[in-house]
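Colleague: I have a structure I would like to understand better, so I am pasting it below and will then ask my questions one at a time.
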Amino acid sequence: MKIISVVGARPNFMKIAPFIRAIGRHNRSHPDSVNHILVHTGQHYDDRMSKQFFEDLNIPAADINLGVGSGSHAEQVGNTMIAFEKVLQAEHPDWVVVVGDVNATLACSVTAKKEGVRVCHIEAGLRSRDMAMPEEINRLVTDRLSDLLLTPDRISIKNLEQEGAGKNRIRFAGNIMIDTLEENREKAAILSPGDIIKRNILNADETRRYAVPEKFALMTMHRPSNVDQKEVLEPIVNFLCKEVAGDMTLYWPIHPRAKKQLEIFGLWDRVTSTPNIVLLHPLGYHDMLRMNMDATIMLTDSGGLQEECTVLGTPCLTLRWNTERPVTLRKHGGASVLVGNNVEKIRKEYLDTLQSERKPVRPELWDGKTADRCLKAILDRAREES
Ligand code: UD1
């Protein structure tokens, strides 16, 4: 069987790494039964957004890089489709495996389906019901087209069934990102937080001390809904500079989109001149995991971090009004609470959350064995059809 799997942007890498390893394990007991080709669309291309994750997670170099790069959504999706169609016509795979909800997920599932190739979506069925989110559009289209829908939780199964997906297309596989977390937990735990800061600090200063205090906040923010409008971004920045940084050190690994927007809106100097805010380059996988293990509080708009905080127990403020990952919410037993991007709401939940304790939880099938179940689901389906 020939499988092409696709990655495009940072959150895809931790989802594909365990799948590739599952193929390796399978091929050791069934020599050469799965021929795997890894395609990188090239949406994320900076070393710190891409190459670093291939190294950290031992992902073999992509067999094919489509070199799509930055651009508008239509440019990214269109250029990916044009390039990926050629790959499919040259390689004739039996299955295309896509993960997550980025532009690569959408572009490659549409292209594969039009070429008559079966599509498997890992992380199917997540729904924020927010059509202003590019990722929600990507999820809806990908799931509508996929032959095999592998879900991370039971709520996702319900979502898919409500949309009319037949039971035979859906399998409950668990959360593949947690395979990566479990595989890398020990390696992260032995890292020194001080060294992490020293290696990743944006404005290195020889005289500075890098020791990480016992109490600190960790923050990431990149969603267009938070960073693309000054009226939204400025009050959040003021809250961070005056209130969070007044209480404790705030470490902020900064996404290229957020950095660009802070500069455009003239907010960059305010952030960099606040002594208790430490800006970092985007962190590698182990560095982020290590910092998350010790953080007093996480502020983020990333879906992946919401999930990691749930398993690690880090109290998390999710800077969004909705989430496609309800199992991570405190009201469902998780570690996170939705605070949107209104400062009053953020402040209230921030103060409440500072009182809460670390409480790791493990939703059903977030057990580190999801990748094997994903591969088995594809092989079972192929067997049923032969
Ligand atoms: C993308 C995903 C989002 C995911 C996020 C994680 C989609 C629709 N969005 O958003 O779901 O949560 O990745 O990071 O696919 N840039 C660089 N270097 C890079 C990549 C991007 O400087 O390696 C800059 C580009 O100038 C670009 C901006 O960052 O304008 C945003 O990148 P883009 O790929 O458009 O989307 P993300 O916001 O990263």
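The values are calculated or read from the model by the stated rules, or taken from the named source; none is laboratory data. None of these values were measured; they are calculated from a predicted model. All Cβ positions, even for glycine, are placed from backbone atoms using ideal geometry, and neighbour counts span all protein chains on display. The area values use the complete protein model at the heavy-atom level, side chains included, leaving out ligands, DNA and RNA. Shrake-Rupley method; radii C 1.70, N 1.55, O 1.52, S 1.80 Å.
Colleague: Can you tell me which residue within the range 2-45, out of those that are without any contact (Cβ under 8 Å) to a residue 40 or more places away in the chain and within 12 Å of the ligand (Cβ to nearest atom), is surrounded by the fewest Cβ atoms within 10 Å (Cβ to Cβ)?
Modeller: Ranking the candidates gives TYR45 first.
Conditions tested, residue by residue: (1) of a type in the set (Asp, Glu); (2) farther than 30 Å from ALA17 by Cα.
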site: ILE236; (1), (2): no, yes
site: TYR251; (1), (2): no, no
site: ALA258; (1), (2): no, no
site: LEU262; (1), (2): no, yes
site: ASN276; (1), (2): no, yes
site: GLY304; (1), (2): no, no
site: GLU307; (1), (2): yes, no
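Colleague: Output the number of the condition that ARG154 fails; it satisfies all remaining conditions of (1) surrounded by 21 or more Cβ atoms within 10 Å (Cβ to Cβ); (2) over 16 Å from LEU106 (Cβ atoms); (3) of a type in the set (D, E, K, R).
Modeller: Result: ARG154 fails condition (1) only.
Colleague: On to the next question. Out of all the residues in the range 82-140, which are within 18 Å of ILE4 (Cα to Cα) and of a type in the set (Gly, Ala, Ser)? Even if it seems obvious, please write down each step before you answer.
Modeller: Initial filter on the range 82-140 (within 18 Å of ILE4 (Cα to Cα)): 82-124.
Within the range 82-140, ALA83, ALA90, GLY100, ALA104, ALA107, SER109, ALA112, GLY116, ALA124 meet the criteria.
Colleague: ARG48 - would you say it is near the ligand (Cβ under 10 Å from one of its atoms), assigned to a helix (DSSP H, G or I) and not small (Gly, Ala, Ser)?
Modeller: Yes.
Colleague: Still on this model: Quick one: is LEU145 open to solvent by less than 40 Å² (accessible area, probe 1.4 Å), in contact with a strand residue (DSSP E or B) (Cβ under 8 Å, 6 or more places away or on another chain) and away from the ligand (no atom under 16 Å from the Cβ)?
Modeller: Taking the combined requirement at face value, the residue does not satisfy it.
Colleague: For the range 293-386, please list each of the helices (runs of 4 or more DSSP H) lying entirely inside it that holds at least 1 residues being within 27 Å of ARG169 (Cβ to Cβ).
Modeller: 303-312, 370-385
Colleague: For the range 288-305, which positions are of a type in the set (Val, Ile, Thr) and within 12 Å of the ligand (Cβ to nearest atom)?
Modeller: The answer is THR300, and nothing else.
Colleague: Could you grab me the full set of residues in the range 324-349 that are open to solvent by less than 20 Å² (accessible area, probe 1.4 Å) and in contact with a Leu (Cβ under 6 Å, 6 or more places away or on another chain)? Before the answer, list the steps.
Modeller: Start the filter on the range 324-349 by keeping residues that are open to solvent by less than 20 Å² (accessible area, probe 1.4 Å), which leaves 324-325, 328-329, 334-336, 339-340, 346.
If the condition is that a residue be open to solvent by less than 20 Å² (accessible area, probe 1.4 Å) and in contact with a Leu (Cβ under 6 Å, 6 or more places away or on another chain), then GLU324, SER336, VAL339 are the ones that fit.
Colleague: Residues in the range 154-162: is at least one in contact (Cβ under 8 Å) with a residue 40 or more places away in the chain and under 21 Å from LYS15 (Cα atoms)? Break it down into steps so the answer makes sense when it comes.
Modeller: Going through the range 154-162, the residues in contact (Cβ under 8 Å) with a residue 40 or more places away in the chain turn out to be 154-155.
Narrowing the set further to residues that are under 21 Å from LYS15 (Cα atoms) leaves 154-155.
For the range 154-162, residues in contact (Cβ under 8 Å) with a residue 40 or more places away in the chain and under 21 Å from LYS15 (Cα atoms): present.
Colleague: Test each condition in (1) of a type in the set (Val, Ile, Thr); (2) under 29 Å from LEU365 (Cα atoms); (3) in contact with a strand residue (DSSP E or B) (Cβ under 9 Å, 6 or more places away or on another chain); (4) open to solvent by 10 Å² or more (accessible area, probe 1.4 Å) for ILE64 and report the one that comes out false.
Modeller: (2)
Colleague: Right, here's the next one. Here is a list: GLU91, GLU75. Which entry is charged (D, E, K, R) and within 13 Å of the ligand (Cβ to nearest atom)?
Modeller: Testing whether each residue is charged (D, E, K, R) and within 13 Å of the ligand (Cβ to nearest atom) leaves just GLU75.
Okay, residues lined up against (1) over 25 Å from LEU66 (Cα atoms); (2) of a type in the set (Phe, Trp, Tyr):
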position: ALA83; (1), (2): no, no
position: GLN89; (1), (2): no, no
position: TRP95; (1), (2): no, yes
position: VAL102; (1), (2): no, no
position: SER109; (1), (2): no, no
position: GLY125; (1), (2): yes, no
position: PRO152; (1), (2): yes, no
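Colleague: Look through the range 291-305, keep the residues that are under 18 Å from the mean Cα position of the chain (by Cα) and of a type outside the set (Gly, Ala, Ser), and return whichever of them is most open to solvent (accessible area, probe 1.4 Å).
Modeller: Going through the qualifying residues, I end up with MET293.
Colleague: Also, I was wondering about something else. Select from the range 208-227 the residues that are touching a strand residue (DSSP E or B) at 6+ places or on another chain (Cβ under 8 Å) and within 15 Å of the ligand (Cβ to nearest atom) and write down the one among them that is farthest from GLY194 (Cα to Cα).
Modeller: Per the criteria, the residue is MET221.
Colleague: How many residues are among the aliphatic types (A, V, I, L, M) and part of a strand (DSSP E or B) when one looks only at the range 82-100? I'd like the intermediate steps shown before the answer.
Modeller: To start, the set of residues in the range 82-100 that are among the aliphatic types (A, V, I, L, M) comprises 82-83, 87-88, 90, 96-99.
With the extra rule that they be part of a strand (DSSP E or B), the set shrinks to 96-99.
Residues that pass the stated criteria total 4.
Colleague: Could you please find all residues in the range 101-131 being assigned to a loop (DSSP other than H, G, I, E, B), more than 18 Å from LYS158 (Cα to Cα) and within 12 Å of the ligand (Cβ to nearest atom)?
Modeller: ASP101, VAL102
Colleague: Could we say that GLU55 is closer than 29 Å to HIS222 by Cβ, within 10 Å of the ligand (Cβ to nearest atom) and assigned to a helix (DSSP H, G or I) here?
Modeller: Criteria not met by GLU55.
Colleague: OK, next. With the condition kept exactly as written, say whether any residue in the range 306-319 is open to solvent by 10 Å² or more (accessible area, probe 1.4 Å), closer than 28 Å to ILE190 by Cα and within 16 Å of the ligand (Cβ to nearest atom).
Modeller: Checked the range 306-319: at least one residue is open to solvent by 10 Å² or more (accessible area, probe 1.4 Å), closer than 28 Å to ILE190 by Cα and within 16 Å of the ligand (Cβ to nearest atom).
Colleague: Exactly one of these conditions fails for ALA74: (1) under 22 Å from the mean Cα position of the chain (by Cα); (2) in contact (Cβ under 8 Å) with a residue 24 or more places away in the chain. Give me its number.
Modeller: Here ALA74 meets the rest and fails (2).
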